[in-house]
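Worksheet: one structure, shown below.
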Amino acid sequence: MNVQFVLNPPKNIKDVIYQGLKSFNLKNLPDEECHSLACYAEDENGDFVGGLTGELFTTSLFVEFLWLDESKRKSGTGSLLMSKLEQEALKRGVTALYLDTYTFQAEGFYLKLGFKEVGRYTDFPSKGIDKIFLQKSLV
């Protein structure tokens, strides 16, 4: 057996690993489509000021990214985005939201919205920074 360690592996190696894992996982998960989504905000001039992306699968919605322009932070725009996301998620049978954040990002914001910490990597990706895993029940 030849075992190799490669920094910055070629795309084809990553694809083979991903497809193998995906094939295994599909045997154990419901046969339902995963839907990509976005929820975003524009100002009164129609300029993009922020948004979020996520994935909806069965009764779960994972928020991948949430970003707001610096000028819109602490303005209520983030809360409006999350509120709209929850409304739309409930219409689609979602029972819980999931996301992760870093200690230098928006932990307090999510906790104020009712998310609960369910896990944490300490000193990840570097010393003094934690990655925090959060979830919120919608039912």
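For the chain, take the longest principal axis of its alpha carbons; what is the angle in degrees between that and the long axis of helix 77-91, to the nearest 10 within 0 to 90?
70
What nm value, rounded to one decimal, do you get for the distance between Lys112 and Cys34 when each label is placed 7 Å out toward the C-beta?
In this crude spin-label approximation the distance works out to 3.2 nm.
Classify the stretch 32-137 as rounded, prolate or oblate from the Cα gyration tensor: take a ≥ b ≥ c as the square roots of its eigenvalues, call it rounded if a/c is under 1.5, otherwise prolate when a/b beats b/c and oblate if not.
It is oblate, given that a/c is not under 1.5 and a/b is not larger than b/c.
How much net charge surrounds Leu99 when only other residues with a Cβ under 10 Å from its Cβ are counted (Lys, Arg +1; Asp, Glu -1)?
Charge balance in the 10 Å sphere: -1.
Can you pull the one-decimal nm distance between simple spin-label points at Ser60 and Asn45, each 7 Å off the Cα toward Cβ?
Placing both labels 7 Å beyond Cα along the Cβ direction yields 4.1 nm.
Using a cut-off of 13 Å between beta-carbons, work out the net charge of the residues near Cys34 (Lys and Arg +1, Asp and Glu -1, Cys34 not included).
Around Cys34, the charge tally is -3.
Among residues other than Phe133 whose Cβ falls under 9 Å from its Cβ, what is the net charge (Lys/Arg +1, Asp/Glu -1)?
In short, 0.
Among the chymotrypsin sites (Phe, Trp or Tyr not before Pro) within the stretch 53-139, which fall in a DSSP loop and have no more than 16 other Cβ atoms within 10 Å of their own Cβ?
Of the chymotrypsin sites (Phe, Trp or Tyr not before Pro), the ones in loops of the stretch 53-139 whose Cβ has at most 16 other Cβ atoms within 10 Å are Phe104.
Can you compute the modelled spin-label distance between Thr53 and Leu26, with each label point 7 Å from Cα toward Cβ, in nm?
2.2
Readers should treat all values here as calculations from the given coordinates under stated rules, not as data from a laboratory. Quick caveat, the model's predicted, so the values are computed rather than measured. Don't worry about glycine lacking a Cβ; one is built from the backbone with ideal geometry, like all the others, and counts go over all protein chains shown.
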